[in-house]
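K.L.:
Below is the structure I would like to discuss, written out as structure tokens.
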Amino acid sequence: MTESAHNPEMLASMAPEELRNLMRKLGYKTQADLAAAIGVSRSAVSLWLEGKVGVPRPVAMLLRMLVGAQRRPY
């Protein structure tokens, strides 16, 4: 078993509320919009938003990086 299997906190790298907030900041109005942008199913996004399945760490990192990149002046 992996470390994350022993520690439930490791499974959810982002709370559903944070995901909703990042979606809004990035301009994704629907689950389908976000799903298409990051290459996952709409049902996966739905499960993340309901808190039934944790957001995969790479997805959480990507969304946080995209929001951070929007804030930087170029």
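K.L.:
Taking a temperature of 10 °C and a viscosity of 1.306 mPa s, what whole-number D in µm²/s does Stokes-Einstein yield for the range 17-68 with Rh from Kirkwood over alpha carbon pairs?
P.N.:
It comes out at roughly 147 µm²/s.
K.L.:
Shifting gears a bit: Would you tell me the accessible area of VAL67, worked out with a 1.4 angstrom probe on the heavy atoms of the protein chains, in Å² to the nearest 10?
P.N.:
10 Å²
K.L.:
Ordering LYS29, LYS52 by accessible area with a probe of 1.4 Å, largest first, what comes out?
P.N.:
Working: LYS29 185, LYS52 145 Å².
So, going from the largest accessible area down, we get LYS29, LYS52.
K.L.:
Could you list which residues have their amide H under 5 Å from that of MET14, counting only those 5 or more apart in sequence or on another chain, with H placed in the peptide plane?
P.N.:
Sorted by chain and number, the residues that satisfy this are VAL55.
K.L.:
In addition: How large is ³J(HN,Hα), in whole Hz, for each residue of the range 66-71 in order, when computed from phi with the Karplus curve 6.51 cos²θ - 1.76 cosθ + 1.60 and θ = phi - 60°, using x for Gly and Pro?
P.N.:
Computed from phi, the couplings for the range 66-71 are 5, 5, x, 5, 5, 7 Hz.
The values are calculated or read from the model by the stated rules, or taken from the named source; none is laboratory data. None of the values given here were measured: they were computed from a predicted structure. Just so you know, the surface numbers come from the protein's heavy atoms only, side chains and all, with ligands and any DNA or RNA stripped out. Shrake-Rupley method; radii C 1.70, N 1.55, O 1.52, S 1.80 Å.
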